[in-house]
Each structure stands twice: as C-alpha cells, then as structure tokens.
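Input: a single structure, listed below in structure tokens.
The values are calculated or read from the model by the stated rules, or taken from the named source; none is laboratory data. What you see is a predicted model; the values in this text were computed from it and never measured. Positions of Cβ are backbone-derived with ideal geometry, glycine not excepted, and every protein chain shown enters the neighbour counts.
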Amino acid sequence: MSNNKKNVLSAIQPTGDIHLGNYLGAVKNWVRLQEMYNCTYGVVDYHAMTMPYKAKNLRENTWKMIFQLLACGVKAENLFIQSMIPEHAELCWILGNVCSYGELSRMTQFKDKTSQLKDTDKDAFISSGLFYYPVMQAADILIYHADFVPVGKDQEQHLELSRNIAQRFNHQFGKEYFTHPEPLYTESAKIMSLANPEKKMSKSLGEKHYVNIFGDEARIRKQVKSAVTDTGDSNGEMSTGVANLFALLKATGREAAHASLSIDFTEGNLKYSDLKHELAEGLVAMCQPIKERYTEINNNKKEYKNQIKQSSAEIRKVAAQTLREVKELTGIMNAK
Ligand code: TYM
C-alpha cells in the first residue's frame, strides 16, 4: 500500500452461494475497482458465527466463497480470510470502547435479524456477538485505512457507525489516525426478492427469494418467469416488482432491451413476458462465464487455497502494523 492509490475494503459472509444481490450490489463493483485502487476483500467467517450455523459447514463454506469470488474476477492477491488475521478481533475489542451501547442498539440490521430469529422460534437464542457485530465490521474497515467501501445499501448504517467510531477514536486519542471510510454504491445497490419485491433479496428469507448466480440455468429461468410483478400498487406507476426487473435488466448490461421495454411501459404496451424473457437471457449470459471459471477453479482447489493462505499472510502485515500503532496510541502493551 505504498503507492498513491486510495484504499478500498469490503467483505462478505460465507453463508452459502453468492446471490444476485451480492453480485450486482457489491462483488461486481469489487472486481471493477481493482483496476483503480488498492483493494482488499475479505471472507468474514467470524461474522458468520453471529447467527445459528453448523461448525462442520463453516470452513467448507468459507473456501466455497473464496472460490466463487475468484470466479467472479476478484484477484487472489486481494483476498483474505478474516480468521487468518486475528488482529481484526483484537482491534474490535479496542474499538468497542469508543462505541456506545446506544449506538449499537439503534442498528436496524440487529433488530431485523433478531425478529427473523424470533419469528421461527420465540425463545430463539440471540447472541451478544450479533449485537457487537458492527464493531467488528468497523475493525475490518479501519484496520486497512479504507477510504472507500463498496457495499449494498443495507450496509449504510454500519458504514456510518464505522465513521463515528473513527471520529471518536481520533478525538479521544488526539490524532487524526483513522481514515473516515465512505460507502460506494452501484446503480443496483438494493436488489429485491423476485418472490416478494417488498423485501431485499437475501438468503435468510429462504430458497425462492434469492437467485444463486452459480445455480443452474433452468432454475434461473424459472425464478424469473415466476417473479412477482404487480403487487397492487400500480395505478399507472411502475410497481416495485417491475422496477426491480428493470433494474436487474439494466445491470445485466442489456441497455437496448432496457430502453425499448421502458418505452413499451410508458406507452402502456409492456408485456411482462417480454421483460422476463430478456431478463432471463441477460442473467444466463452474465452467469455463464462465471460458472465456467468456477468449474476450472474447483479443479485446482489446492493451488488456490495456497494462494489465499499467502495473500492472507501478506495482508496481515498491514493489519498488524495498524494494531501496533493503535496500541501505542491507546496505552495498551505491544509484545515487542
Ligand atoms: P453480506 O455478506 O450480507 O453481503 C455481502 C455484500 O452484498 C451486499 N448485498 C446486497 N446488495 C444489493 N442488494 C441486495 N439484496 C443485497 N444483499 C446483500 C451487501 O450490502 C454486502 O455489500 N456486514 C456485511 C459483511 C461485512 C463487511 C465488512 C462489509 C463484514 N465486514 C466490512 C464491508 C466492510 C454483510 O453481512 O454483508
């Protein structure tokens, strides 16, 4: 990180396959930004412990996420696995002391996830890890002095908290030490579920709510075909469901089809089947090369695992340097 380029940091939880929301809201942008910035991207397995999970699946899911990110075009040298860099957890502890209980209590994602758990079981166990999670996210970001954080809109509040933490730390320890990270959004920063366009596309809603970009072609076509269009709020206005399909179509790069179908809509002639057909074609074409690369990567897993162990060790050097400086500033002992 010795050049003049700005720093970019982002991360994803290893909770299964990359879905269309992850890809179009974040990962596609991660790939693009690699040309312009110092980019560091993490698979955050510590974060994945905050919701119920099976230990026997976590390691496998972590590698799977790494392979899928590589297939999307993220460079191995920019990728790390969070648990291979324990400094994140140490910085998290330190930052927790410049973050108030009240701030964490206002995090809407904590409230959403809590109510999701309680919907399935009213006595569900809510871990304090889930509550503390945004501090860990701030540590992930600040440890690399990130200027920019490419994420979906759902992370907006967490980003704001990271900035507040940076500001409070700098104020309390009397030095403009941490950078104030800014979010970077794509045009499709909030992709909605095809089955319920009132809700954000997410794995936790269940299978039919997310499009797995590594899923088979027939499934993608079927999901698009059965996407909910009218949700009763039309009145000449574009419904949320249709707007979502248009946003997706644009994001697949089918500009011409998007333009002509938009005219059909304005003129009151839009056939949903045409929109869905174009979208299905666009998605299948977009996913095809990614899936091909994924197959290749899966045939060389060992080599890629070694590369990621190495890149995590390199990236760790940056994190360790930050932590040393933070310990100096905060009066905590450094081992050497
Ligand atoms: P996660 O793993 O839920 O999602 C990874 C990325 O995908 C984006 N995303 C979406 N974008 C648009 N539409 C959607 N429907 C959609 N669903 C997900 C997310 O905004 C995210 O950018 N807390 C983070 C992980 C994290 C992190 C970090 C992110 C941990 N530390 C540091 C940035 C920086 C999360 O749970 O993302």
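Among all positions in the stretch 205-220, there is no residue which is over 28 Å from Val31 (Cα atoms) and either over 17 Å from the mean Cα position of the chain (by Cα) or surrounded by 15 or more Cβ atoms within 10 Å (Cβ to Cβ) (or both). When the helices (runs of 4 or more DSSP H) confined to the stretch 1-112 are screened for residues that are over 19 Å from Ser311 (Cβ atoms), within 14 Å of the ligand (Cβ to nearest atom) and touching a residue at least 60 places away in the same chain (Cβ under 8 Å), those reaching at least 1 such residues are found at 28-33, 87-95. Counting only residues that are aromatic (Phe, Trp, Tyr) and within 20 Å of Gly21 (Cβ to Cβ), the stretch 287-304 holds 1 of them. Filter the stretch 136-161 down to residues that are touching a residue at least 60 places away in the same chain (Cβ under 8 Å) and more than 6 Å from the ligand (Cβ to nearest atom), then give me how many there are. The total comes to 11.
Anything in the stretch 307-336 that is over 16 Å from Val74 (Cα atoms), part of a helix (DSSP H, G or I) and out of contact with any Asp or Glu (no Cβ under 8 Å at 6 or more places or on another chain)? List them, or say none. Residues satisfying the conditions are Ala313, Lys317, Val318, Gln321, Arg324, Glu325, Val326, Lys327, Glu328, Leu329, Thr330. Just to be sure before I move on: is Ser262 modelled with pLDDT of 95 or more and surrounded by 12 or more Cβ atoms within 10 Å (Cβ to Cβ) in the structure I sent? When the stated conditions are applied, Ser262 passes them. Of all residues in the stretch 164-204, those being within 11 Å of the ligand (Cβ to nearest atom) and either polar (S, T, N, Q) or assigned to a helix (DSSP H, G or I) (or both) number 6.
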